[in-house]
Amino acid sequence: ADFGQRLRAEATGSEIVAGETVRIPMSDDGHFWVTARLNGQDVRFMVDSGASVTTVSRTIAQAAGIPITFRRVMVSTANGRAWVTKSHAEALQIGPIERFDFAIDVNETDDMNLLGMNFLSSLESWRVEGRFLVLQA
């Protein structure tokens, strides 16, 4: 990506796509935020390598047609323990990177959407370069 494209990405918070690589600029809050397509719906996720499984709120799950199953489990989160429902998405896409029949947890009590390790570990590599998170399919 050229310098101008990188500056625009940092200013707008939008990701840069080049081939099978997505570069996500660091937000002012120090986190990496990315808009993904979840079953065709745009969903804003915070990238969280501390989350084992990609997690969405119940509201987002319903909007994206994620099945709300009866498979509830207790998980440990940054905010303590919480109940989540085990489910899956038909498709999760970030730029050119697409995953199908993808495991999703639905958090009943938190509105935070987290892109977790089950997505990151499906990549060839992911790394931080300066103020960018680089996802390589």
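Over the stretch 1-129, Cα pairs under 8 Å with separation of 6+ residues give a relative contact order of 26 percent. The apolar share of the surface of the stretch 40-112, taken as the fraction of accessible area on carbon and sulfur atoms (1.4 Å probe, ligands and nucleic acids excluded), comes to 49 percent. Basic side chains Lys and Arg get +1 at the Cβ, acidic Asp and Glu get -1 at the Cβ, and with that the dipole of the stretch 85-133 about its Cα centre reaches some 220 debye. Per residue, the solvent-accessible area of the stretch 49-137 (1.4 Å probe, heavy atoms of protein chains only, all protein chains present) comes to 52 Å². For the chain, the longest principal axis of the Cα atoms and the long axis of helix 3-12 meet at an angle of about 40 degrees.
Please list, by residue number, every one of the GluC sites (Glu not before Pro) in the stretch 1-67 that is coil in DSSP and has at most 13 other beta-carbon atoms within 10 Å. Before the final figure, lay out each step's value.
On the way: sites: Glu10, Glu15, Glu20; in loops: Glu15, Glu20.
Sparse-neighbourhood loop GluC sites (Glu not before Pro): Glu20.
In the stretch 30-80, Cα pairs under 8 Å separated by at least six residues give a relative contact order of 27 percent. Considering only Leu38, Leu114, Leu123, the Gaussian network model of the chain with Cα springs below 10 Å gives its largest mean-square fluctuation to Leu123.
What the pair-distance distribution of the stretch 45-137 shows, using all Cα-Cα distances binned every 5 Å from zero, is 3, 13, 25, 26, 16, 11, 5, 1, 0 percent.
Explain nothing, just the number: relative contact order of the stretch 7-54, from Cα pairs under 8 Å at least 6 residues apart, as a whole percent. About 22 percent, as a whole number. When the residues Phe32, Phe45, Phe70 are ordered by accessible surface, computed with a 1.4 Å probe over the protein chains alone, the sequence from largest down reads Phe70, Phe32, Phe45.
Between the stretch 97-122 and the stretch 43-90, the alpha-carbon centres lie 6 Å apart.
Taken about its Cα centre, the chain carries a charge dipole of about 260 debye when Lys and Arg each add +1 at the Cβ and Asp and Glu each add -1 at the Cβ.
Among Arg23, Arg37, Arg127, the largest mean-square fluctuation in a Gaussian network model of the chain, built with springs joining Cα atoms closer than 10 Å, belongs to Arg127. Compute the signed sum of charges (Lys and Arg +1, Asp and Glu -1) over the other residues within less than 15 Å, Cβ to Cβ, of Gly65. Here the charged neighbours net out to -1. Maximal additional length on extending the Arg37-Thr59 stretch stands at 6.4 nm, based on 0.36 nm per residue less the C-alpha distance.
The values are calculated or read from the model by the stated rules, or taken from the named source; none is laboratory data. These numbers were taken from a predicted model, which means no experiment stands behind them. Neighbour counts are summed over all protein chains in view; Cβ atoms, including those assigned to glycine, are modelled from backbone coordinates with ideal geometry. These accessible areas exclude ligands, DNA and RNA; they are computed on the full protein's heavy atoms, side chains included. Shrake-Rupley method; radii C 1.70, N 1.55, O 1.52, S 1.80 Å.
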